[in-house]
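Let me begin by presenting the structure, written as structure tokens, before commenting on it.
The values are calculated or read from the model by the stated rules, or taken from the named source; none is laboratory data. The shown structure was predicted, so the numbers you read here are calculated from the model rather than taken from an experiment. Every residue, glycine among them, receives a Cβ derived from its backbone with ideal geometry; neighbour counts consider all protein chains shown. Only protein heavy atoms, including side chains, enter the accessible area calculation; ligands, DNA and RNA are left aside. Shrake-Rupley method; radii C 1.70, N 1.55, O 1.52, S 1.80 Å.
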Amino acid sequence: MLLIAAAAALLVSCGNKGAMTGDNSFPVQTVTPQSATLQSTYPAVIRGIQDVEIRPKVSGFITKICVKEGQAVKAGQLLFVIDNVTYEAAVRQAEAAVNTASASLNTSKLTYENSKKLFANKVIGAYELQSAQNSYESAEAQLAQAKANLVSAKENLSFCYVKSPANGVVGTLPYKVGALVSSSSAEPLTTVSDISTMEVYFSMNEKEMLDLTKEAGSMDSLVSEFPPVHLLLADGSTYQHEGKVAKVSGVIDQTTGSVQMIAQFPNPQHLLKSGGSGSVVLKHTNTAAIVIPKSCTVEVQNKVFIYALGEGNKVKYTEITVEPQNDGNNYIVTGGIKAGQKYVTNGLTKLTDGTAITPISPEEYAKRIKQAEGMGAMQK
């Protein structure tokens, strides 16, 4: 879409009514650069600034679901409970092993202390003393291992209580109470999305990115100086808050030849949802744009042509290149015609390449049309 700051106001009905002046006179307009705001749109995907998949770290049946879809949760809040009977038993077993290892260590310590006294009194030899010391050190290691097993058992038990790792909003809940889940389950238990700020992913082609980077001087400057962007929602409305480009991928996608960009939008009303779609709108002003009304052009097989006025007042069927985005009424011309040249604005269907015409101004043309219409009304 194009928002033309200074539309071609001098053109009067650039349609193909034909040369209604009764002679070979056709209106021509001089190409004059003017200010125009160009608007480019890029398909986009909306995601929370932090989308965390919640997956179980232990296997078991879901015994309790503590949240609902769409519910706002805080970091550390309980989401699910997985059957913990087996894991509680493992904790008790590990605690018993710690107690056993601790008692064994105490016994080994007493034996070692007594052996040191006997060795000092030359009742036992060095072999017996070393054996007592080895038993004591082995008992210490067994206690350390038992304590480690207890820590692991308690951690596995804690995994039965699935908690939110971050603030956010709960996504879909594909599993119900009684479902068997594990770390290898195809779907996560749910997704917690931080939607206070949304990241909107869109892509620019390689040429556009090169042009912008050269203009900015560097990629860092491009990101910091990138103009605000707007978001067109799925219903066609424009999101009320502006976004800021925060990240640019350093790799070009070889399949599409595009570079991924991420713009961040504030989401205080939680209107934007993770997984949504829309279009990023980028506006930039061209102070020396060539604007030609679409009605003054001829389109053939996706190509755009005009009748430019050449030497000897002969028209030349000329192809022009235009910006792909337009407002439906005007083209922004990027090539094929330059400032100062002239083109025919009316009667295009009466012309062929090389036709000699008598050029008149659009104002004179409008005057003649008005006179002709007046005469026609009088005759009736």
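For V291, indicate whether it is open to solvent by less than 50 Å² (accessible area, probe 1.4 Å), free of Cβ contacts under 8 Å to residues at least 60 places away in the same chain and hydrophobic (A, V, I, L, M, F, W, C). Full working, then the answer.
Numbers: open to solvent by less than 50 Å² (accessible area, probe 1.4 Å): yes; free of Cβ contacts under 8 Å to residues at least 60 places away in the same chain: no; hydrophobic (A, V, I, L, M, F, W, C): yes.
No, not satisfied.
Does segment 279-296 contain any residue that is small (G, A, S) and either within 16 Å of L232 (Cα to Cα) or under 24 Å from the mean Cα position of the chain (by Cα) (or both)? Checked segment 279-296: at least one residue is small (G, A, S) and either within 16 Å of L232 (Cα to Cα) or under 24 Å from the mean Cα position of the chain (by Cα) (or both).
Filter segment 111-135 for residues that are open to solvent by 60 Å² or more (accessible area, probe 1.4 Å), assigned to a helix (DSSP H, G or I) and either touching a Ser or Thr at 6+ places or on another chain (Cβ under 7 Å) or not charged (D, E, K, R) (or both) and give the result. Don't jump to the end; show me each part of the working.
Start the filter on segment 111-135 by keeping residues that are open to solvent by 60 Å² or more (accessible area, probe 1.4 Å), which leaves 111, 113-114, 116-117, 119-123, 126-128, 130, 134-135.
Next, from what is left, pick out any that are assigned to a helix (DSSP H, G or I): 111, 113-114, 116-117, 119-120, 126-128, 130, 134-135.
Once the filter is applied, which keeps residues that are open to solvent by 60 Å² or more (accessible area, probe 1.4 Å), assigned to a helix (DSSP H, G or I) and either touching a Ser or Thr at 6+ places or on another chain (Cβ under 7 Å) or not charged (D, E, K, R) (or both), segment 111-135 yields T111, N114, F119, A120, A126, Y127, E128, Q130, N134, S135.
Looking only at segment 12-28, decide whether some residue is open to solvent by less than 60 Å² (accessible area, probe 1.4 Å), in contact with a strand residue (DSSP E or B) (Cβ under 7 Å, 6 or more places away or on another chain) and at pLDDT below 75.
Step one: of segment 12-28, the residues open to solvent by less than 60 Å² (accessible area, probe 1.4 Å) are 13-15, 18-19, 21, 25-28.
Remaining after also requiring in contact with a strand residue (DSSP E or B) (Cβ under 7 Å, 6 or more places away or on another chain): 14, 19, 25-28.
With the extra rule that they be at pLDDT below 75, the set shrinks to 14, 19.
The answer is yes, given that some residue of segment 12-28 is open to solvent by less than 60 Å² (accessible area, probe 1.4 Å), in contact with a strand residue (DSSP E or B) (Cβ under 7 Å, 6 or more places away or on another chain) and at pLDDT below 75.
Please determine whether any residue of segment 214-221 is of a type in the set (K, R), assigned to a helix (DSSP H, G or I) and open to solvent by 50 Å² or more (accessible area, probe 1.4 Å). It would help to see each step written out before you state the result.
Looking only at segment 214-221, we keep the residues that are of a type in the set (K, R), and these are 214.
Then drop every residue that is not assigned to a helix (DSSP H, G or I), which leaves 214.
Applying the additional criterion that residues be open to solvent by 50 Å² or more (accessible area, probe 1.4 Å) yields 214.
Checked segment 214-221: at least one residue is of a type in the set (K, R), assigned to a helix (DSSP H, G or I) and open to solvent by 50 Å² or more (accessible area, probe 1.4 Å).
Scan segment 292-329 for residues that are among the polar types (S, T, N, Q), touching a Leu at 6+ places or on another chain (Cβ under 6 Å) and within 22 Å of I360 (Cβ to Cβ) and the total you get is 0.
Against the definition (of a type in the set (S, T, Y), assigned to a loop (DSSP other than H, G, I, E, B), surrounded by 16 or more Cβ atoms within 10 Å (Cβ to Cβ) and touching a residue at least 60 places away in the same chain (Cβ under 8 Å)), how does Y201 come out, yes or no?
Working: of a type in the set (S, T, Y): yes; assigned to a loop (DSSP other than H, G, I, E, B): no; surrounded by 16 or more Cβ atoms within 10 Å (Cβ to Cβ): yes; touching a residue at least 60 places away in the same chain (Cβ under 8 Å): yes.
Considered against the rule, which asks whether it is of a type in the set (S, T, Y), assigned to a loop (DSSP other than H, G, I, E, B), surrounded by 16 or more Cβ atoms within 10 Å (Cβ to Cβ) and touching a residue at least 60 places away in the same chain (Cβ under 8 Å), Y201 comes out as no.
The number of residues in segment 266-281 that are surrounded by fewer than 22 Cβ atoms within 10 Å (Cβ to Cβ) and part of a strand (DSSP E or B) comes to 4. Looking at this structure, is L157 within 30 Å of E53 (Cβ to Cβ) and open to solvent by 80 Å² or more (accessible area, probe 1.4 Å)? Criteria not met by L157.
Taking the criterion of being assigned to a helix (DSSP H, G or I) and either out of contact with any Pro (no Cβ under 8 Å at 6 or more places or on another chain) or at pLDDT 90 or above (or both), the residues of segment 349-365 that qualify are T349, K350, E363.
The set of residues from segment 160-173 being open to solvent by less than 60 Å² (accessible area, probe 1.4 Å), under 15 Å from Q71 (Cα atoms) and in a loop (DSSP other than H, G, I, E, B) comprises S164, A166, G171, L173. Of all residues in segment 43-71, those being of a type outside the set (K, R), within 27 Å of F265 (Cβ to Cβ) and open to solvent by 70 Å² or more (accessible area, probe 1.4 Å) number 4. Looking at segment 268-281, can you tell me whether even one residue there is small (G, A, S), touching a Lys or Arg at 6+ places or on another chain (Cβ under 8 Å) and at pLDDT below 90? Yes; the residues of segment 268-281 include at least one that is small (G, A, S), touching a Lys or Arg at 6+ places or on another chain (Cβ under 8 Å) and at pLDDT below 90. How about segment 306-340: which of its residues are open to solvent by 30 Å² or more (accessible area, probe 1.4 Å), under 22 Å from T355 (Cβ atoms) and in a strand (DSSP E or B)? Once the filter is applied, which keeps residues that are open to solvent by 30 Å² or more (accessible area, probe 1.4 Å), under 22 Å from T355 (Cβ atoms) and in a strand (DSSP E or B), segment 306-340 yields L309, K314, K316, Y317, E319. If you scan segment 285-323, which residues turn out to be charged (D, E, K, R) and farther than 13 Å from G336 by Cβ? Correct list: K294, E299, E311, K314.
Does A289 satisfy the condition of being in contact with a helix residue (DSSP H, G or I) (Cβ under 7 Å, 6 or more places away or on another chain) and not charged (D, E, K, R)? So A289 fails the test.
The rows are residues; the columns are (1) in contact with a Phe, Trp or Tyr (Cβ under 7 Å, 6 or more places away or on another chain); (2) under 30 Å from D353 (Cβ atoms).
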site: L272; (1), (2): yes, no
site: G278; (1), (2): no, no
site: I290; (1), (2): no, yes
site: V304; (1), (2): yes, yes
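Identify, from the list F61, F80, the residue that is of a type in the set (F, W, Y) and within 33 Å of the chain's Cα centre (by Cα).
Values: F61 fails: within 33 Å of the chain's Cα centre (by Cα).
Every option except F80 fails the conditions.
Take N346 and tell me if it is assigned to a strand (DSSP E or B) and either polar (S, T, N, Q) or farther than 17 Å from Q29 by Cα (or both). Spell out the reasoning first.
Working: assigned to a strand (DSSP E or B): no; either polar (S, T, N, Q) or farther than 17 Å from Q29 by Cα (or both): yes.
No: the conditions fail for N346.
Of the set (1) over 33 Å from the mean Cα position of the chain (by Cα); (2) modelled with pLDDT under 90, all apply to F119 but (2).
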